[in-house]
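Visitor: The structure under discussion is supplied below as structure tokens; questions concerning it will follow.
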Amino acid sequence: MKRRPLLLTPLLLATPALAQRAQAPARPPAAALTDRDRADLARVETYLNALTTLRARFLQIAQNGASAEGTAWIWRPGRMRFEYDPPEPLLLVADAGQFLMYDRELRAPTTLLISQTPLGILLRREVRLSGDVTVTGIERTGPFLRVSMYRTSEPGEGVLTLVFNNEPLELRQWAVMDAQRRETRVTLSRIETGQRFPAGLFQFNDPRFFEPGGFGAPQGSGN
């Protein structure tokens, strides 16, 4: 499994801080929505706003073909943890309005605001796919529904595409494409929802946070 090339990709975030912008990128046009599109967007909003916790295995594939696997935890609103399987040393956690990316091998942390990433749309307290979110496309392919979007005021952060099983509606994948059209895809499997997670799973200040397996193993019920 390739390692270092993966870390050179825009990863899950594709923010201006991580993707150089020599000039302002073209703003992707908004989709011309049909009545069916609006009905599906309403379904997606309802589904995401009802989603509280999710745990799943993930496969991440970068534009250059590099890949990594691991376990993901999402606790809406605002919390997420991506624990990568060895030998990949990367840890990615969202809490208290920030994303923290930590390379255990280099002992190098990087932080940025959740609100300044396209993936932050997924972690909002209330997801609304209008106004400050511009929907650029809706596709229906076989059993899947794909919805692409970006933050209206910051198109350079990247375009986020959410992929759902259509019936019943279930999040299965997302992809982030940055201003240089580099895409990173994350596919979920073995999805479990409605569980309770310990708050420490998403906190940065506990020393065990930085140790391999410290908080990375699946936890029992807690706060």
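The values are calculated or read from the model by the stated rules, or taken from the named source; none is laboratory data. All figures in this text were calculated on a predicted structure; none of them were measured in a lab. Note that each Cβ is placed from the backbone with ideal geometry, even for glycine, and that neighbours are counted across all protein chains shown.
Visitor: With the structure loaded, tell me whether Ala72 is closer than 21 Å to Thr193 by Cβ, touching a residue at least 40 places away in the same chain (Cβ under 8 Å) and surrounded by 19 or more Cβ atoms within 10 Å (Cβ to Cβ) or whether it fails that test.
Guide: For Ala72, the condition - closer than 21 Å to Thr193 by Cβ, touching a residue at least 40 places away in the same chain (Cβ under 8 Å) and surrounded by 19 or more Cβ atoms within 10 Å (Cβ to Cβ) - is met.
Visitor: For Arg125, work out the one condition from (1) closer than 22 Å to Phe82 by Cα; (2) modelled with pLDDT of 90 or more; (3) touching a strand residue (DSSP E or B) at 6+ places or on another chain (Cβ under 9 Å) it doesn't fulfil.
Guide: (3)
Visitor: Out of the residues in segment 166-188 that are charged (D, E, K, R) and within 17 Å of Ala56 (Cβ to Cβ), state the one that is surrounded by the fewest Cβ atoms within 10 Å (Cβ to Cβ).
Guide: Glu170
Visitor: Then there is this: Applying the selection to segment 85-113, what residues are within 19 Å of Ala62 (Cβ to Cβ) and among the hydroxyl-bearing types (Ser, Thr, Tyr)?
Guide: Tyr102, Thr110
Visitor: Among the numbered conditions (1) of a type in the set (S, T, N, Q); (2) modelled with pLDDT of 90 or more; (3) assigned to a loop (DSSP other than H, G, I, E, B), tell me where Gln180 comes up short.
Guide: (2) is the only condition that Gln180 fails.
Visitor: Show the residue pairs meeting these rules: Cβ distance below 6 Å; 6+ apart or different chains; first residue within segment 82-107 and within 25 Å of Arg125 (Cβ to Cβ) and surrounded by fewer than 21 Cβ atoms within 10 Å (Cβ to Cβ); second residue modelled with pLDDT of 90 or more and of a type in the set (Lys, Arg).
Guide: Listed pairs, sorted by first residue: Asp95/Arg79.
Visitor: Next question, about the same structure. Among the residues in segment 54-67, are any at pLDDT 95 or above and out of contact with any Leu (no Cβ under 8 Å at 6 or more places or on another chain)?
Guide: The answer is yes; a qualifying residue exists.
Visitor: May I pose another question? Return yes or no: is Glu69 in a strand (DSSP E or B) and farther than 24 Å from Gln116 by Cβ?
Guide: yes
Visitor: Additional query: Within segment 137-165, work out how many residues are over 15 Å from Arg181 (Cα atoms), in a strand (DSSP E or B) and in contact with a strand residue (DSSP E or B) (Cβ under 7 Å, 6 or more places away or on another chain).
Guide: Going through segment 137-165 one residue at a time, the tally reaches 12.
Visitor: For Pro77, state whether it is part of a loop (DSSP other than H, G, I, E, B) and either under 26 Å from Glu154 (Cβ atoms) or among the β-branched types (Val, Ile, Thr) (or both).
Guide: So Pro77 fits the description; yes.
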